[in-house]
Amino acid sequence: MNNSDTDPAYPLYDARWEHDACGIGFVAQISGVASYSVVSTALVALTHLTHRGAQDADAQTGDGAGLLTQIPKTLFRDELLARNITVTELDDLAVGMLFLPSSSRMPTEYVESRSIITETLDELGLPLLCWRDPPINTSVLGTQGLATAPTIAQILLKRPEALTLEQYELSLYQAQRMIERRLLEAEIKDCYIASLSLHTIVYKGQLAPGDLAHFYLDLANPRYTSAFALFHQRYSTNTFPSWALAQPMRLLAHNGEINTIQGNRHWMQARESAMFSPLWGSKLQELLPIIQPGGSDSAQMDNVLELLTHSGRDLLHSMQMLIPPAWEQDAALHGVQQAWCEYHAGLVEPWDGPAALVFSDGRIVGAALDRNGLRPARYTLTSQGLLILASEAGVIPTDAHDVVERGRLGPGEIIAVDTKFGVLLRDFEVKAALAQRQPYQQWLDRYLLRLAHLEHLPQLQVSPPVEEYDAAKLFAQQQLFGYTHEDIEMVLRPMLQENKEPIWSMGDDTPLAALSCQSRSLADYFHQRFAQVTNPPIDPLRERSMMSLDCYLGRRQNFLTETPLHAQLLHLETPLLTESQLETIRNLKANGFRLRTLHATFEAAGGPKAMEAALDSLENEAISAIADGISLFIISDRSASLTQAPIPMLLAVGAIHQTLIRRGLRTYVSLICETA
């Protein structure tokens, strides 16, 4: 995926800054008994979240609303019987909900997209029973919704006799990803698979919540039964609403924003070339890219969740991997549960919010808050075994005598219903069950190294080199690394004298680096990327209960499996190292950890061309070192002088990082900077 999602026609608009704060929830019958009552209750709840959404300038078109439910297989069986098509086992019936290019506005793309879908299904041996045009009422659409509406179609498929149900579900996912890739190659942007599954189906669109069942007439049909229904009302604060970006997605619906999305996306891209799954084998390449271009933060997370749940992990396991609790300072978590969290911290980075999520794979339906907990999720359990969870209380009126329990999710908490076994799973039960899956604590004890422990080992206690600077040499070094008189007097001196950060007045009238008349550091051209639309400032010192500076160094193993070697990492309590800690790492001799120093300097007299050549050399040296089995790089400009200038460290790290991602090598190595 490109680093920027800008459209050449609108160069000042960048889709990366899209945020939302939506209304979400679900209604679930814990017993697992499907009924139309559950669906109709969810539609009522969704209508009560209308205030969470917004309207287009036409005052008719909503930002988006939708439901995710179990497939009402009786309804579809009757449809097939009307066409003289018989399905002996309803469990074998799969349904796809498709948004095709408009047959009236884009007839060529419409025909081509249908052709790609049918050819891919035929290639994979998935019998297509029929195409279905779901009954819809376009009169309820607003002007904008009607102008952008796709041609909505459904495909009904049955299981090949040679495949088990599990294999069939994998084949459907493979078909979906192959279709998406072929549509991308054909440059067809207006074809979207809302769902393709044995278990679930999504009805959504760019319309108001109250119009959903009036537009999709299936939703008003009493034969439409489900044991649960996820609902979502979209509010696009900085977005252009679209049919495809309405929610729920295929597995989840999301309220909030994934602030870490760019890093999450790049790390998933970095993992692709090193991934292997015993379930997929050579077919794994047909599932790439994991994250589809053009998706929102919710859609991108849904892409990753789909891969995990179709590659050996269940839904709850996968969700907790991506949205972990703040486990480091949580005394309520038992040791084995903390071990689960720490083990998985070495597998995947958190997809941090603020985020509230509801999710389902057709059997499990649940909700989770990210570790910040800055989005509401309140639930009510009734005496009839109905669990109602939403972004606010009161979406479904309930009599006081009928309420068994009311509550809300806290930061990092999860709640779920297993409709197969008819049980409600609370946060501590989910975490306890996950912690027993593997001997995570034993794996950590055997393979994880902690820098805090290594520092006390006699064989690693090596004094770092000490350089003495006279005033002239110190001044030359300060010039070399871009320190100004203001930096020394107003920033460093107060820090050294008072042991705290200097206090400033609010506001900053310093010109943007790109517009400044002064020579500025390369780092000044980059601003902190933080969603300031809805979030309070963060403070890792005063909010230790939910924030962590811990990080892990070393080669990252395959994302889709779990082995003891996944724990073979070096743990740091902070990303900032003292010189003695760096020397400890330099002298580390342990299996799985080999270190090499890359020198980030260039001949100053050679000017920009010399720096460009030095960057190329640095990238090639990094690639060669990985081939030699190196797992830790120290990128150092310690040898810099007035004649041998330092490459700006941000540029050096960025060049190596991006090159290794493009070569599929980034997960093999960790980067340590020694600079200035």
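The values are calculated or read from the model by the stated rules, or taken from the named source; none is laboratory data. These figures come from a predicted structure and were not determined experimentally. Positions of Cβ are backbone-derived with ideal geometry, glycine not excepted, and every protein chain shown enters the neighbour counts. Heads up: the accessible areas ignore ligands, DNA and RNA and are worked out on the full protein's heavy atoms, side chains in. Shrake-Rupley method; radii C 1.70, N 1.55, O 1.52, S 1.80 Å.
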Measure of exposure for His657: accessible area at 1.4 Å probe, Å² rounded to 10, is 40 Å²
Using alpha carbon positions and the Kirkwood radius, the Rg to Rh ratio of the chain is 1.00
The extension gain from Glu573 to Phe240, computed as 0.36 nm times the residue separation minus the Cα-Cα distance, is 115.8 nm
Counting only protein heavy atoms and leaving out ligands, DNA and RNA, the solvent-accessible surface of Thr597 at a 1.4 Å probe, in Å² to the nearest 10, equals 40 Å²
Length gained, Met547-Ala331, 0.36 nm per residue minus C-alpha separation, equals 76.3 nm
Taking r as the C-beta separation of Arg493 and Ala523 and R0 as 25 Å, the FRET efficiency to the nearest 0.05 is 0.75
Here FRET efficiency (C-beta to C-beta, Phe428 to Ser115, R₀ 45 Å, nearest 0.05) is 0.30
Contact order relative to length for the chain, counting C-alpha pairs under 8 Å separated by 6 or more residues, stands in percent at 15 percent
Helix 297-309: inclination vs the chain longest Cα principal axis, degrees, rounded to 10, gives 80 degrees
With every protein chain kept in place and a 1.4 Å probe, the chain has an accessible area per residue in Å² of 47 Å²
Quick calc: nm separation of the 7 Å Cα→Cβ label points for Cys130 and Ala627 -> 5.9 nm
Ignoring ligands and nucleic acids, Val111 exposes an accessible area, probe 1.4 Å, in Å² to the nearest 10, of 90 Å²
Phi angles of region 564-570, converted by Karplus (6.51 cos²θ - 1.76 cosθ + 1.60, θ = phi - 60°) into ³J(HN,Hα) in whole Hz with x for Gly and Pro, give x, 5, 4, 8, 7, 9, 10
Taking a straight Cα-to-Cα line shorter than 13 Å from Lys189, and setting aside same-chain aspartates and glutamates fewer than 8 residues away, one finds Glu109, Glu112, Glu180
In whole percent, the fraction of accessible protein surface over the chain that belongs to carbon or sulfur atoms, probe radius 1.4 Å, stands at 53 percent
Sorting His214, His571 on solvent-accessible surface, 1.4 Å probe, most exposed first, gives His214, His571
Per-residue ellipticity at 222 nm attributable to helices in the chain (runs of n ≥ 4 DSSP H, -39500 (n - 2.57) apiece, nearest 500 deg cm²/dmol) works out to -8500 deg cm²/dmol
